[in-house]
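Quick note: the coordinates plus some simple rules give every number you see, no bench work behind them. None of these values were measured; they are calculated from a predicted model. Here Cβ is always computed from backbone atoms with ideal geometry, including for glycine, and neighbour counts include all displayed protein chains.
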Amino acid sequence: MRKPFIAANWKMHKTVEDAVKFVEEVQHRLPSEDVLTCGIAAHFLALYPMVQKTKGINLGVIAQNSYGEFSGPYTGEVSPRALAAAGVQYVMCGHIERRTLFHEDNTMVAKKVAAVLQCGMTPIICTDETMVQQEFNGEVHYVFAQLMDVLSEVSFDQVKNIIISYEPSWAVGVGQHANPTLAEEGCRLIRRSIADTYSYEVADKIRILYGGSVNPENIQLIMSKRDIDGVLIGRASLDADNFLTMVDRV
Ligand code: PEP
């Protein structure tokens, strides 16, 4: 059984004070870790205060990005080693906004994923839908070329420690109603790609989230889909009551 995961992506919203206040508002109203994993992706400044504030509660702290090296002359970047030492548990790698606005390519994202794993954190690998059809022995397989490039430095032993978030470009940040059937189809094909590349056992264990215009109205239908193990939520996660409503509906 794959445990569901609900993650908020706050992007560049909220001050440190706002972030801490949010944790105070939700901390006594979260479900047990046994049934659901909850997490918040905040900007770098808010991460350390959030790690302090979330001790003992079911709210993992997620960085929205990190660099692919551990230290060195990389002005303005943040090392995964520093994040791990600060108590951060997860790092988002390759979010579509990083790719389109900051020109991150698969090689850069692959280095980030490898570095995050080496530091003992869990990468949440975001992928949009660059899927290609390939034929093997007369059978058509759908291959997520982008995802497979990003996993190029991830060994068989490490792959069970990743989380994937399927975030099609037509659905992220547009506020349109997400299409649960298409969302599940993307997640199912990603799982099949993982099975083809690694193994069925691994593919069966990996959590695959869906991200793109999830909100309190559509979350139940999205989460009812067999191949969707959780959600990454942007806009609708900023308000504490909205977030809790969605947690209740997972
Ligand atoms: C995101 O930024 O990862 C996201 C899913 O955003 P939204 O929910 O606003 O579409």
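Given +1 at the Cβ of Lys and Arg, -1 at the Cβ of Asp and Glu and no other charges, the dipole of the stretch 5-249 around its Cα centre is 460 debye to the nearest 20.
For GLU104, the amide hydrogen comes within under 5 Å of the amide hydrogens of ARG99, counting only partners 5 or more places away or on other chains and with H modelled in the peptide plane. Taking the chain as a Gaussian network, where each spring joins two C-alpha atoms under 10 Å apart, which residue of VAL150, VAL172, VAL78 fluctuates the most? In this elastic network of the chain, the residue with the biggest mean-square fluctuation among VAL150, VAL172, VAL78 is VAL78.
What shape does the stretch 5-249 have by the C-alpha gyration tensor, where a ≥ b ≥ c are the square roots of the eigenvalues, rounded means a/c under 1.5, and otherwise prolate means a/b greater than b/c and oblate the rest?
Values: a/c = 1.69, a/b = 1.21, b/c = 1.40.
Judged from the Cα gyration tensor, the stretch 5-249 comes out oblate (a/c at least 1.5, b/c at or above a/b).
Across the options TYR198, CYS93, LEU147, the greatest Cα extent toward the positive end of the charge dipole of the chain (unit charges at beta carbon of Lys, Arg, Asp, Glu) belongs to CYS93. Take every DSSP beta bridge whose two residues both sit in the chain; close to 15 percent of them are antiparallel. For ASN65, the amide hydrogen comes within under 5 Å of the amide hydrogens of MET92, counting only partners 5 or more places away or on other chains and with H modelled in the peptide plane. Considering the options THR181, VAL109, ALA7, tell which one lies farthest towards the positive end of the dipole of the stretch 5-249, charges being +1 on Lys and Arg and -1 on Asp and Glu at the Cβ, about the Cα centre. Most positive-ward Cα: ALA7.
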